[in-house]
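Worksheet for the structure shown next.
The values are calculated or read from the model by the stated rules, or taken from the named source; none is laboratory data. Note that the structure is a prediction, hence the values are computed from the model and not measured. Cβ: placed from backbone, ideal geometry, glycine included. Neighbour counts: every protein chain shown.
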Amino acid sequence: MRSKGLDFTPLIDEVRGHVDRGNQLMEPHRVVAAMGSRLALSLLICSIRPGHQLVGAATTEATALELLHDTGADLLLCTDRLEQGNGGSLVAAAKARDPALSAVLIVTQPRRLITIRRAVEAGCDGVCLESQIGRGTVALALTTVSSGAAYMEKSLYKQYFEGYGGIGDAPLAKLTDREVDVLQLMAADATNQDIAANLFISAETVKSHVAQIFHKLSARSRLHAAVKGIRLGLVEWPEDR
């Protein structure tokens, strides 16, 4: 029997609300969007309010990299599938050039795990599913990344680990109990301020712990550290994801 699919009609107002929220979140940024679907890219361009935030749009990896360099963008919004190249290698190349760049990857083909892995290990800040866009996943990812945390949908976590071929590199040194506490909260998308309040320590102390976690796990971002921590069994699955 053919699947009936999702009737988006009841979600029209909700989707419009997510679009408005996304516009608010992108307002402080200079954004380059890279998508393999020209239709999706056109719809994104139409949905973003006229202003300075969208400074470039492309369908290929090479063009997106040129735009990031030429426009001084600080936020990359891309899909895993591009007309030439892919989102994973785009994030890797962009982060290699500018580690401070924020990157959100929209996964259209979740079984292409190598693309997700490449993006995460390059320091991607947010990874979300195209299939959940109407339910606000991109707005949630942008909210999380803008607050200084990292975002990855739980279903993608599971697929990532199911398709991962090994345990990976062990930590360079054992994490302290406090570092494990911090890493567990990082895996639940907590910001440094959230962690400080939860553990009753200063934000500067949290920052120091995060730096040690990055070093010991050879991680390039909060998301990369969280993924490694879960994969290595150092922390548990976030219960509220």
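Tell me, please, whether a residue that is outside any helix (DSSP H, G or I), among the charged types (D, E, K, R), over 16 Å from residue 106 (Cα atoms) and assigned by TED's automatic domain parsing to the domain that holds residue 131 can be found in the range 18-25. Within the range 18-25 (the criterion being outside any helix (DSSP H, G or I), among the charged types (D, E, K, R), over 16 Å from residue 106 (Cα atoms) and assigned by TED's automatic domain parsing to the domain that holds residue 131), the answer is no, since none of the residues qualifies.
Residue pairs whose Cβ atoms lie under 6 Å apart, sitting 6 or more positions apart in sequence or on different chains, and linking a residue in the range 49-62 that is in contact (Cβ under 8 Å) with a residue 24 or more places away in the chain and assigned to a strand (DSSP E or B) to a partner that is of a type outside the set (A, V, I, L, M, F, W, C) and exposed (fewer than 13 other Cβ atoms within 10 Å of the Cβ), are 60/84.
Yes or no: residue 162 at pLDDT below 90 and over 16 Å from residue 102 (Cα atoms)? Judged against the criteria, residue 162 is a match.
Within the range 190-233, being among the hydroxyl-bearing types (Ser, Thr, Tyr) and either outside any loop (DSSP other than H, G, I, E, B) or in contact (Cβ under 8 Å) with a residue 24 or more places away in the chain (or both) holds for 191, 205, 208, 218, 221.
When the range 31-79 is limited to residues that are crowded, with 22+ Cβ neighbours inside 10 Å and of a type in the set (Gly, Ala, Ser), the one that is farthest from the chain's Cα centre (by Cα) turns out to be 58.
Yes/no per residue for (1) buried (at least 19 other Cβ atoms within 10 Å of the Cβ); (2) in contact with an Asp or Glu (Cβ under 9 Å, 6 or more places away or on another chain); (3) in contact (Cβ under 8 Å) with a residue 40 or more places away in the chain:
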site: 93; (1), (2), (3): no, yes, no
site: 103; (1), (2), (3): yes, yes, no
site: 112; (1), (2), (3): no, yes, no
site: 117; (1), (2), (3): no, no, yes
site: 120; (1), (2), (3): yes, no, yes
site: 123; (1), (2), (3): yes, no, yes
site: 135; (1), (2), (3): no, yes, yes
site: 144; (1), (2), (3): yes, yes, yes
site: 153; (1), (2), (3): yes, no, yes
